[in-house]
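Read the structure below first, then the notes.
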Amino acid sequence: MKLLFVEDDQTTADYVMRGLSEEGHSVDHFASGKEALTQAMNTAYDVLIIDRMLPDLDGLSLIKSLRSAKISTPAIFLTAMSGLEDRIDGLRAGGDDYLVKPFAFGELSARVAALGRRLPMAATVDTVLKAGDLEMDLVARTVTRSGQNIDLLPREFSLLEHLLRRKGRVQTRTMLLEGVWNIHFDPQTNVVETHISRLRSKVDKPFNRDLILTVRGSGYKIDG
Amino acid sequence: MSIIPQNWPRLLRSTPLRLAFLLIILFTIINLLTVSGAYITLKNRTEGDIRENITAELSGFDVAATAGALRTLVDAKARATDPAARVYLFVGDDGRTAGNALAMRENNRVILKELNEELPLSEAGYLQETRRLSSGVLVVAESLEPVVALRRTFVTILALTFLPSALTSVALGLWIARRSARRVARIEATLGQIAAGDLTARYSEQTNRQDDLSRIGEGVNRMAEKQEAAVTALRQVSADIAHDLRTPLQRIAVLLSDLSGQLEDGTEQAKIADRATDEANRAVSVFQSLLQIAQIEGGAPTADFQNIDLVTIAREMIDLYEPSADDVEIALGHALPDGPVFVHGDRTMVSQALANILENALRHGKSGKVIHVSVDESEAGARLVVSDNGPGIPAEERDKVLQRLYRLEQSRTTPGNGLGLSLVAAIAQLHDADLALADNNPGLRVSLTFPKVA
């Protein structure tokens with residue numbers, strides 16, 4: 001993907017750029033909000049990664065300017081402010097996602113991937129989701145693996161559905177909390193891990209191959 | 001301006017009106033005393049005059065005259081006199097009477113009766129004197145009408161002096177009361193706005209007067225200015241700290257991640273790097289919680305508050321924590337009503353408050369093996385209760401655990417950053433909710449009571 005990255009801290013910028021490049025993205029980096037705005041006005045990007053506190057033009061104004069110029073490229077804010085109102089301000093200004101510093105690279109990478117592929121996913125109208133020998137029937141609300149019926153609780157079903165719909169893409173703990181539970185805070189207990197392990201004991205344990213994979217330092221994913 | 005204000009009960013309790021009423025009562029008492037003093041003096045004098053008249057009349061009759069002569073004399077006088085003004089009456093020893101009225105003897109008193117309907121007696125009553133003459137009894141009585149007229153005059157005087165002054169005082173009192181009531185109401189409204197978190201609210205004096213109320217208004221404004229400056233400073237400091245600390249924390253995270261990437265999984269070095277990462281994450285979590293509490297306590301905006309269903313939130317959180325409770329063999333039970341229980345607030349904050357209470361119970365109430373969540377609604381408001389059967393918190397420590405970073409001695413070694421319940425307290429305060437920690441005999445019982453939705 002072609003990404004625009006605005007961040008004034010060089011250490012963070014270097015690290016993020018290295019990570020994104022290793023994943024095969026092409027990244028244009030700017031330390032100045034004004035320069036980034038000019039660039040974003042003239043070049044097409046897949047995703048914008050924007051720090052909210054910039055020395056010249058702040059991130060909120062940058063996105064507001066872009067949105068008023070009818071540029072709707074998905075944007076994720078990086079911010080040092082974690083207040084509830086800050087998150088809402090960011091989304092109101094036209095941001096699509098929000099990541100609080102300090103963040104792990106895996107989190108950013110997973111969220112950028114989610115934003116970049118948002119459109120094709122919304123078009124899916126399949127009523128059956130498949131991964132390997134696993135099949136989920138969204139209408140009958142049944143799950144089978146190798147033809148064997150698997151009984152899932154409603155929340156386990158939602159969690160599996162969330163992962164299946166994003167097949168091949170890493171879902172971090174916070175992305176799962178937001179997507180499956182609609183929770184926008186960080187529980188201090190490993191609740192997501194526990195739910196995943198419950199799901200695994202039903203979906204993976206009785207079978208030879210593990211479908212739900214742990215991505216070290218990032219989260220979970222189901223491969224096709 | 002209508003004469004009858006709509007806010008009567010409030011107005012009646014206002015100081016100027018109370019003073020007006022007090023003055024009216026005082027004025028009335030003085031007025032009554034002086035007027036009745038004058039009345040009594042004049043009444044006595046009038047009665048004295050009447051008595052003198054009677055005596056003069058009586059002395060006009062010859063004591064030694066015969067009954068016949070006296071009868072003729074009395075008849076002559078009586079014919080020329082209206083009995084409503086004066087009565088002449090002679091009762092001879094032979095029983096024959098003469099005069100313009102009749103007399104009856106009752107218990108040694110002579111009671112006058114009218115002679116016929118054309119000669120009515122005065123309704124005001126009479127002063128009378130009876131004299132024993134040689135041939136009979138002579139009665140002369142004079143009407144008390146002048147005294148009654150005097151009383152009427154005085155009542156009129158009283159009404160004429162009292163009513164206007166009383167009405168004037170009440171009207172004036174009401175006017176002043178309404179004026180100050182409006183000012184007091186504006187001061188109260190300003191204080192209400194400030195209390196609700198709008199620190200830009202100010203009281204503006206609409207007159208040039210310098211009095212107690214305008215001084216209170218100025219005091220309110222000074223207080224609000226200081227508060228506003230303090231909150232602005234706090235926000236600025238929070239934002240500065242957030243920025244200044246997060247950048248190095250971000251770099252540490254970045255460097256540790258780089259380091260981990262270069263180390264082989266499972267080696268001693270990799271384990272050290274992982275531990276360092278965990279510690280950095282813990283620092284971030286403490287920092288984040290402190291910042292969040294500061295922001296909420298600093299008056300997070302409540303404008304986005306909506307009606308949210310406590311039952312739904314409770315179900316979601318129970319669903320989220322159920323497997324974690326099960327892992328440590330705790331039964332997470334609940335008693336939730338079928339219908340919704342609405343409170344006014346922010347969904348994320350209330351969810352987080354419940355999550356923190358549940359995590360606290362999971363960490364410290366483990367030994368009890370039971371955690372129970374309930375939601376109910378009463379006149380007092382909507383209540384969310386989480387109880388466990390663990391060791392509980394000693395009564396004298398309950399206030400302290402709501403303070404930041406405070407941890408019970410026996411909890412030093414358990415995970416958690418000592419901020420969970422402080423955040424709950426801050427969220428409760430922002431929602432006007434009452435947070436209570438009580439003994440569950442055994443264990444801890446945390447209840448959060450939200451005000452009723454209007």
Scalar couplings 3J(HN,Hα) for the range A:3-19 by Karplus 6.51 cos²θ - 1.76 cosθ + 1.60 (θ = phi - 60°), nearest whole Hz, x for Gly and Pro, are 10, 10, 10, 10, 7, 8, 8, 5, 4, 4, 4, 4, 5, 4, 5, 4, x
With the 8 Å Cα cutoff and a minimum separation of six or more residues, chain B has a relative contact order in percent of 10 percent
Nearest 10, in degrees from 0 to 90: the angle of helix A:105-116 to the longest Cα principal axis of chain A is 90 degrees
Of the candidates B:LEU191, B:VAL139, B:THR81, the farthest towards the positive dipole end of the range B:1-195 (Lys/Arg Cβ +1, Asp/Glu Cβ -1, centred on the Cα centre) is B:LEU191
Each label sits 7 Å from Cα toward the beta-carbon; between B:ASP432 and B:ILE111 the label points are separated, in nm, by 7.4 nm
Checking rank on B:68-76, B:33-41, with mean other Cβ inside 10 Å and highest first, the result is B:68-76, B:33-41
Helix A:33-42: inclination vs chain A longest Cα principal axis, degrees, rounded to 10, gives 70 degrees
In terms of the alpha carbon gyration tensor, root eigenvalues a ≥ b ≥ c, rounded if a/c is under 1.5 and otherwise prolate when a/b exceeds b/c or oblate, the range A:2-120 is rounded
Over 22 Å (Cα to Cα) among A:LYS70/A:LYS167; A:LYS2/A:LYS130; A:LYS221/B:LYS271; A:LYS101/B:LYS400; A:LYS64/B:LYS226; A:LYS130/A:LYS221 -> A:LYS70/A:LYS167; A:LYS2/A:LYS130; A:LYS221/B:LYS271; A:LYS101/B:LYS400; A:LYS64/B:LYS226
Bridge orientation stat for the protein assembly as shown from DSSP, antiparallel percent rounded to 5, came to 75 percent
By Cβ neighbour count within 10 Å, fewest first, B:VAL453, B:VAL284, B:VAL237 rank B:VAL237, B:VAL453, B:VAL284
Expressed as a whole number, the average count of other chain Cβ atoms within 10 Å around the Cβ atoms of B:249-257 is 6
Those helices of chain B passing the 20 Å axial Cα length cut-off and the mean Kyte-Doolittle cut-off of -0.5 (DSSP H runs only) are B:15-59, B:145-195, B:212-262, B:268-297, B:310-327, B:347-364
Taking chain B and counting helices only, DSSP H stretches of n ≥ 4 at -39,500 (n - 2.57) each over all residues, the nearest-500 ellipticity at 222 nm comes to -19000 deg cm²/dmol
The size of the Cβ-based charge dipole (Lys, Arg +1; Asp, Glu -1) of the protein assembly as shown about the Cα centre, to the nearest 20 debye, is 1520 debye
Averaged over residues of A:97-104, the number of beta carbons from other chains lying within 10 Å of each residue's Cβ is 5
Quick note, the range B:212-297: a/c under 1.5 would make it rounded; otherwise a/b > b/c is prolate and the rest oblate (a ≥ b ≥ c, C-alpha gyration tensor); here it is prolate
Looks like the range B:254-372, by Cα gyration tensor root eigenvalues a ≥ b ≥ c and the a/c under 1.5 rounded cutoff (else prolate when a/b is bigger than b/c, oblate otherwise), is oblate
Partner shielding of A:143-155, taken as the mean number of other chain Cβ atoms within 10 Å, equals 1
Computed for chain B: size of charge dipole around the Cα centre, +1 on C-beta of each Lys and Arg, -1 on C-beta of each Asp and Glu, debye to nearest 20, value 2260 debye
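Values in this text are rule-based calculations from the coordinates and carry no lab data. Values in this document were obtained by computation on a predicted structure and should not be read as measured data. All Cβ positions, glycine included, derive from the backbone under ideal geometry; neighbour counts span all protein chains shown.
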